[in-house]
Amino acid sequence: MARVKAAIIGSGNIGTDLMMKMIKYPQNMDLAAVVGIDPASEGLAMAREHGIATTHEGIEGLKKLPCYKEIGIAFDATSAYAHKAHDEALRADGIQVVDLTPAAIGPFTVPAVNMSQHLDQPNVNMVTCGGQATIPMVAAVARVSSKLHYAEIVASVSSRSAGPGTRANIDEFTRTTARAIEVVGGATKGKAIFILTPAEPPMIMRDTVFTLSEGANEDAIRQSVRDMVAEVQKYVPGYRLKQDVQFERFGDNNRLKIPGMGEFTGIKTMILLEVEGAGDYLPSYSGNLDIMTAAAKATGELLAARRMAA
């Protein structure tokens, strides 16, 4: 059966890394077009070298390409602002959209947690790099707990791996991730913090996840976290625990106070993660970008498989 034709909109770092993953590890999709707005873009040049159709005229240029009528899935790696117009145009032509921006028009999607719920959606949103890295851990705690009161994530990435798109969307990243911690991760309240560090040599992406839960013991949480790490590693091999999961108990005699929420009892869990990139196009320290493109590709493969089976 013929693979599903796909397009990438955005020829910057994220779009180019996704392109290289699709070229190196083909499964259910055939990359037919790469779209940009800069005729001198390195990503567009690399696409042409691999025989892929390109345009530097944005979404309108894509529509003019002969292959456009065959495209079934499009990945948007531009900006939250631009995505709104892209989604409207693509959806009108029956093309499923995988959104790598923080626009959050479609449902939040984290492959290891909830991908099976959204296979028929016209648009799926990949949350953020911090969300892709940490929400699986929040969900791992939630699924073995009776109540997940609070989850807070701190994502630290090298400033070298944060391009203009990331910097321009930092507020959207924070809000989108916090909301997805609740919607997908299962926390009553979520909070997200992003840190850009200029450290040299550039540091690999590090993530810290704090949760406060009730109704589960430490062994159950520890095993659930390990199982979830293994699920994420199926599409992000460089995803790993930095050290053993840490716990702290709070009882009636030492309740934990969360500002704006009150006092709680339960287990505070701290999960320390490291995400090393595969180096398909970007440096290995750019795990924050790699996990987004890897998650997007994994999502696209499942969407394509669904289309092929229909």
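Determine, for each peptide in 28-36, 278-286, 251-259, the mean count of other beta carbons within 10 angstrom over its residues, then list the peptides with the highest first.
On the way: 28-36: 24.3, 278-286: 20.1, 251-259: 10.4.
Result, highest mean Cβ count within 10 Å first: 28-36, 278-286, 251-259.
Taking the convex hull of the alpha carbon positions in the stretch 27-182 and averaging its projected area over all directions gives 10.6 nm².
In square angstrom, what is the accessible area per residue of the stretch 30-136 with a 1.4 angstrom probe? Before the final figure, lay out each step's value.
Details: 4170 Å² over 107 residues.
Here the per-residue accessible area is 39 Å².
A cut-off under 15 angstrom between Cβ atoms defines the neighbours of Ser161, and their net charge, with Lys, Arg +1 and Asp, Glu -1, is -4. Counting only protein heavy atoms and using a 1.4 Å probe, the accessible area of Ile204 comes to about 40 Å².
Kirkwood Rh over Cα pairs of the chain into Stokes-Einstein at 4 °C, 1.567 mPa s: D in µm²/s? Result for D is 66 µm²/s. Here the spin labels are modelled as points 7 Å beyond Cα on the Cα-Cβ line, and at Met261 and Asp120 they lie 3.5 nm apart. Charges were assigned to the Cβ only: +1 to each Lys and Arg, -1 to each Asp and Glu. The resulting dipole of the stretch 24-163 about its Cα centre is roughly 380 debye. Shown here for the stretch 60-90: trypsin sites (Lys or Arg not before Pro) in loop regions (DSSP other than H, G, I, E, B) with at most 15 other Cβ atoms within 10 Å, of which there are none.
Kindly work out what percent of the DSSP beta bridges joining two residues of the chain are antiparallel, to the nearest 5. Present the calculation step by step, with values, prior to reporting the outcome.
On the way: 29 of 60 bridges.
Around 50 percent of the beta bridges assigned by DSSP in the chain are antiparallel ones.
Net length available on complete extension from Lys147 to Lys268 is 42.3 nm, with 0.36 nm assigned per residue and the Cα-Cα distance removed. A prolate overall shape is assigned to the stretch 161-310, the ratio a/c of its alpha-carbon gyration tensor axes (a ≥ b ≥ c) being 1.5 or greater and a/b exceeding b/c. A simple spin-label model places pseudo-atoms 7 Å from Cα toward Cβ; at Gln246 and Glu70 they are separated by 5.4 nm.
In order along the stretch 257-266, the phi-based Karplus estimate (6.51 cos²θ - 1.76 cosθ + 1.60, θ = phi - 60°) of 3J(HN,Hα) comes to 9, 10, x, x, 10, x, 10, 9, 10, x Hz; Gly and Pro are listed as x.
Rounded to the nearest 500, the 222 nm mean residue ellipticity of the chain from helices alone is -11500 deg cm²/dmol, with -39,500 (n - 2.57) taken per DSSP H run of at least 4 residues.
Once you list every other residue whose beta carbon is under 14 Å from the beta carbon of Pro198, what net charge do they have if Lys and Arg are +1 and Asp and Glu are -1? Present the calculation step by step, with values, prior to reporting the outcome.
Details: positive: Arg160, Arg167; negative: Glu200.
Charge balance near Pro198 sits at +1.
Just how far, in whole angstrom, is the stretch 16-48 from the stretch 225-263 if you go by their alpha carbon centroids? So the separation of the two Cα centres works out to 36 Å. Residue by residue, the stretch 154-160 carries 3J(HN,Hα) couplings of 10, 10, 10, 10, 5, 4, 5 Hz when phi is fed to the Karplus relation 6.51 cos²θ - 1.76 cosθ + 1.60 (θ = phi - 60°); x denotes Gly or Pro.
The values are calculated or read from the model by the stated rules, or taken from the named source; none is laboratory data. Because the structure is predicted, anything quoted here is derived from the model rather than measured. Note that we place each Cβ from the backbone using ideal geometry, even for glycine, and neighbour counts take in every protein chain shown. With ligands, DNA and RNA removed, areas are computed over all heavy atoms of the protein, side chains included. Shrake-Rupley method; radii C 1.70, N 1.55, O 1.52, S 1.80 Å.
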